[in-house]
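Heads up, the thing below is written out as structure tokens.
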Amino acid sequence: MTSLQLAIVLPTYNERGNLRSMVERLDRALAGIRWEAIFVDDNSPDGTADEARAINLEDPRVRVIHRINRRGLASAAIEGMLSTAAPIVAVMDADHQHDPALLPEMLAAVSSGDYDVAYASRFCDGASTEAWGRPDRVKASGVANRLARKLTGVALSDPMSGFFMLRAEILRGDAHRLSGVGFKILLDILATVETPLRVKEFPLNFAARAEGESKLDRTVVFEFLVGLYDRWLGRVIPTRFALFGTVGALGVFVQFAVLWLVQGLIMGQHFVYGHWSRDAAFNLANSVAAIAAMTFNFVLNNELTYADKRLRGLVPLLRGWAKFAVTCSLGLLTNIGSAAALKSMGFHDFVAVIVGIVLGSVWNFALSSKFVWGRY
């Protein structure tokens with residue numbers, strides 16, 4: 001019996017309706033090749049993992065890695081590639097945007113020994129993105145690719161491609177050094193492996209998603225920058241904390257803007273000279289500003305910092321905001337209280353607010369990471 005030749009890793013999230021048709025396409029494309037398909041599912045609520053298990057009962061070439069409390073496209077790809085004994089591994093999407101018909105040619109290129117990596121490009125000669133129907137994503141991908149080439153020196157037409165194949169020994173040899181965070185995994189591999197890899201490019205007609213939900217529904221430029229930060233500074237300051245801090249820094253501007261606006265409204269109504277002292281007016285305005293900044297931080301953290309754990313729908317968002325408010329309450333009180341104390345001691349408004357923000361930030365991150373967006 002011919003030994004296993006190829007493993008295809010397909011990271012999934014809410015892809016239940018795509019699995020059987022994808023397995024059928026793999027079966028047709030890889031006739032005469034001994035292969036296995038590994039669906040790496042991030043606990044999809046639509047039952048993607050259950051569907052993969054059902055297919056496995058009919059076809060032992062299909063198996064699933066069902067991940068709990070772990071999410072992310074790059075880490076799913078790494079985990080899937082490390083789980084197989086196949087000498088050559090491929091990564092592709094399960095949503096039918098990547099054409100399995102390219103796999104035999106890619107396998108031949110890598111198996112020949114002339115190339116270490118084969119990948120499908122959306123932007124080389126002969127490729128097309130017309131069927132994708134997303135000119136906004138095409139433009140964003142182009143920007144990310146230009147950044148990738150300039151900042152990493154990887155000279156490919158589409159280094160952000162998610163459809164590639166390589167020898168498993170290359171992946172295993174450097175898996176411990178890969179970022180696995182917010183990074184297109186091919187670019188991560190090419191930027192990590194010290195020995196230059198021989199790469200073969202194949203033109204891809206990039207199709208529209210069949211059905212289901214994209215695992216990368218945010219801008220690919222942001223994903224690239226997150227991965228770049230993690231590679232350069234992630235060992236010094238944890239990447240998620242850095243993102244949380246960046247959002248918090250933006251929240252500073254929101255807090256000051258609301259502070260000055262509310263103070264202006266209060267003074268405009270002559271409350272300062274009536275029932276309110278100047279310090280009381282500041283405390284009221286800063287309280288409103290801190291709550292506004294907290295809401296801003298929740299929304300942006302939900303969209304960016306915790307994109308892999310994003311809360312969706314009105315009820316989950318309201319519940320999440322309430323949890324965020326509760327878990328940040330001590331930080332909020334520290335923020336407001338320390339600012340009020342410094343203000344009463346004669347410090348400038350700017351200094352008082354900044355100190356309050358800094359004192360509350362670490363507490364906010366620790367508790368919100370655990371209780372709002374799950375275990376971390």
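The values are calculated or read from the model by the stated rules, or taken from the named source; none is laboratory data. Because the structure is predicted, anything quoted here is derived from the model rather than measured. Every residue, glycine as well, gets a Cβ built from its backbone with ideal geometry; the counts of neighbours run over all protein chains shown. Heavy atoms of the whole protein, side chains included, go into the accessibility calculation; ligands, DNA and RNA do not. Shrake-Rupley method; radii C 1.70, N 1.55, O 1.52, S 1.80 Å.
General remarks:
- Karplus-derived 3J(HN,Hα), 6.51/-1.76/1.60, for each residue of region 40-47, Hz, glycine and proline x: 9, 10, 8, 6, 4, x, 8, x
- Computed from the C-beta positions of R70 and S3, the FRET efficiency with R₀ = 30 Å rounds to 0.50.
- Here each label is just a point 7 Å from Cα along the line to Cβ, and for A175 and T192 those points are 1.0 nm apart.
- Gain in span if fully extended, L318 to S111, counting 0.36 nm per residue against the direct Cα distance: 69.2 nm
- Extension gain, A325-D279: 0.36 nm per intervening residue step, less the Cα-Cα distance, totals 14.1 nm.
- Scanning residues 5 or more positions from I33 or on other chains, none has an amide H under 5 Å from its amide H, with H placed 1.01 Å from N in the peptide plane.
- In order through region 157-167: 3J(HN,Hα) via Karplus (6.51 cos²θ - 1.76 cosθ + 1.60), integer Hz, x for Gly, Pro: 6, 9, x, 8, 4, x, 10, 7, 8, 7, 6
- Carbon/sulfur fraction of accessible area - region 34-74, other protein chains in place, 1.4 Å, %: 49 percent
- Ranked order, T246, T305 - accessible area, probe 1.4 Å, largest first: T246, T305
- Note that region 15-21 has calculated 3J(HN,Hα) couplings of 10, 3, x, 9, 5, 4, 5 Hz, one per residue in order, obtained from phi through the Karplus relation 6.51 cos²θ - 1.76 cosθ + 1.60 (θ = phi - 60°); glycine and proline are x.
- 5 angstrom amide H check on I65, placed H, neighbours 5+ away: F39, V40, D41
- Length available on full extension from A54 to S21: 0.36 nm per residue minus the Cα-Cα distance, which gives 10.5 nm.
- Less than 5 angstrom separates the built amide H of S121 from those of F202, L204, all sequence-distant by 5 or more or on a different chain.
- Figure note: E194, E105, E58 ranked by solvent-accessible area, largest first, 1.4 Å probe, ligands and nucleic acids not counted: E194, E58, E105.
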